[in-house]
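Undergrad: Got a structure here, written out as structure tokens. Questions coming.
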Amino acid sequence: MSRLESMRRRLTAQIEGLNWAAKEVGALKGDVLELGLGNGRTYDHLREVLPGRRIWVIDREMNAHPSCVPPEADFLQGDADRMLDRMAQAGTRLALVHYELGIGVAEADAVKSRSLSPLIAPLLVPGGLVISQDPLEGFERIAGPETVEADRYLFYRR
């Protein structure tokens, strides 16, 4: 499969997974975290499917399209581990985390996602969801929407 086809599969899985997750967390109290902003497409989608929810964003730098820049108070710039610790110290509670950090090298990205797992877990409310492109530890892996292949995107519940 070409990298272009792979990208299309990833984007389709993201959209369908986020739409599914927005319905799943509908009754849960808590904020949302976009872990890895990039150019802001996913953040923009989260704003659309979860109106009224505070959406935190963590990234090392601001590279988002101008229409996708989060409010300054919701953008935590820096290394994810330090920013997640800061959120925990502030008592932030999350209903949904979308994990999309990484450099696109599966082995390296898996090491990072596993190291951040114990920092994400305490932020989630009971029943909270994590949707990730990389494997996490310490969460119950669940099936996402039927339209998303099992290993294309990963779904976890606290």
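The values are calculated or read from the model by the stated rules, or taken from the named source; none is laboratory data. Bear in mind that the values here come from a model prediction, so they are computed numbers and not experimental data. No Cβ is skipped: glycine too gets one built from the backbone with ideal geometry, and neighbour counts run over all protein chains shown.
Undergrad: Within the range 79-93, track down each residue that is crowded, with 16+ Cβ neighbours inside 10 Å and either assigned to a helix (DSSP H, G or I) or at pLDDT below 95 (or both).
TA: 80, 83, 84, 87
Undergrad: Let me ask another. Applying the selection to the range 108-154, what residues are more than 13 Å from residue 98 (Cβ to Cβ), in a helix (DSSP H, G or I), in contact with a Gly (Cβ under 8 Å, 6 or more places away or on another chain) and not acidic (Asp, Glu)?
TA: Of everything in the range 108-154, those that are more than 13 Å from residue 98 (Cβ to Cβ), in a helix (DSSP H, G or I), in contact with a Gly (Cβ under 8 Å, 6 or more places away or on another chain) and not acidic (Asp, Glu) turn out to be 108, 112, 117, 118, 121.
Undergrad: State the number of residues belonging to the range 1-43 that are surrounded by fewer than 17 Cβ atoms within 10 Å (Cβ to Cβ), assigned to a helix (DSSP H, G or I) and touching a Cys at 6+ places or on another chain (Cβ under 9 Å).
TA: 1
Undergrad: Among the residues of the range 30-52, is there at least one that is under 16 Å from the mean Cα position of the chain (by Cα) and farther than 19 Å from residue 17 by Cβ? Break it down into steps so the answer makes sense when it comes.
TA: The first filter runs over the range 30-52 and keeps only residues under 16 Å from the mean Cα position of the chain (by Cα), leaving 30-50.
Filter once more, so that each one left must be farther than 19 Å from residue 17 by Cβ: none.
Within the range 30-52, not a single residue is under 16 Å from the mean Cα position of the chain (by Cα) and farther than 19 Å from residue 17 by Cβ.
Undergrad: Could you list, in sequence order, the residues of the range 57-78 that are out of contact with any helix residue (DSSP H, G or I) (no Cβ under 9 Å at 6 or more places or on another chain), surrounded by 12 or more Cβ atoms within 10 Å (Cβ to Cβ) and of a type in the set (Asp, Glu)?
TA: Residue satisfying the conditions is 74 alone.
Undergrad: On the given criteria, is residue 120 of a type in the set (A, V, I, L, M, F, W, C), farther than 18 Å from residue 157 by Cα and touching a helix residue (DSSP H, G or I) at 6+ places or on another chain (Cβ under 9 Å)? So that I can check it myself, show each step before the final result.
TA: Numbers: of a type in the set (A, V, I, L, M, F, W, C): yes; farther than 18 Å from residue 157 by Cα: no; touching a helix residue (DSSP H, G or I) at 6+ places or on another chain (Cβ under 9 Å): yes.
For residue 120, the condition - of a type in the set (A, V, I, L, M, F, W, C), farther than 18 Å from residue 157 by Cα and touching a helix residue (DSSP H, G or I) at 6+ places or on another chain (Cβ under 9 Å) - is not met.
Undergrad: Would it be correct to say that residue 141 is over 14 Å from the mean Cα position of the chain (by Cα) and in contact (Cβ under 8 Å) with a residue 24 or more places away in the chain?
TA: No.
Undergrad: For the range 1-36, name all the residues that are hydrophobic (A, V, I, L, M, F, W, C), closer than 22 Å to residue 65 by Cα and modelled with pLDDT of 95 or more.
TA: 15, 18, 32, 33, 35
Undergrad: Give me the pairs: first residue in the range 100-128 and free of Cβ contacts under 8 Å to residues at least 60 places away in the same chain, second residue acidic (Asp, Glu) and crowded, with 16+ Cβ neighbours inside 10 Å, beta-carbon distance under 9 Å, and six or more apart or on different chains, which are they?
TA: 103/109; 106/134; 109/134; 110/134; 112/134; 113/134; 114/134
Undergrad: Picking from 98, 65, which residue would you name as being within 21 Å of residue 22 (Cα to Cα) and at pLDDT 95 or above? Let's see the steps before the verdict.
TA: Numbers: 65 fails: within 21 Å of residue 22 (Cα to Cα).
Just one listed residue meets the conditions, 98.
Undergrad: Suppose the filter is surrounded by 15 or more Cβ atoms within 10 Å (Cβ to Cβ), of a type in the set (A, V, I, L, M, F, W, C) and assigned to a loop (DSSP other than H, G, I, E, B); does residue 101 pass it?
TA: Details: surrounded by 15 or more Cβ atoms within 10 Å (Cβ to Cβ): yes; of a type in the set (A, V, I, L, M, F, W, C): yes; assigned to a loop (DSSP other than H, G, I, E, B): yes.
Taking the combined requirement at face value, the residue satisfies it.
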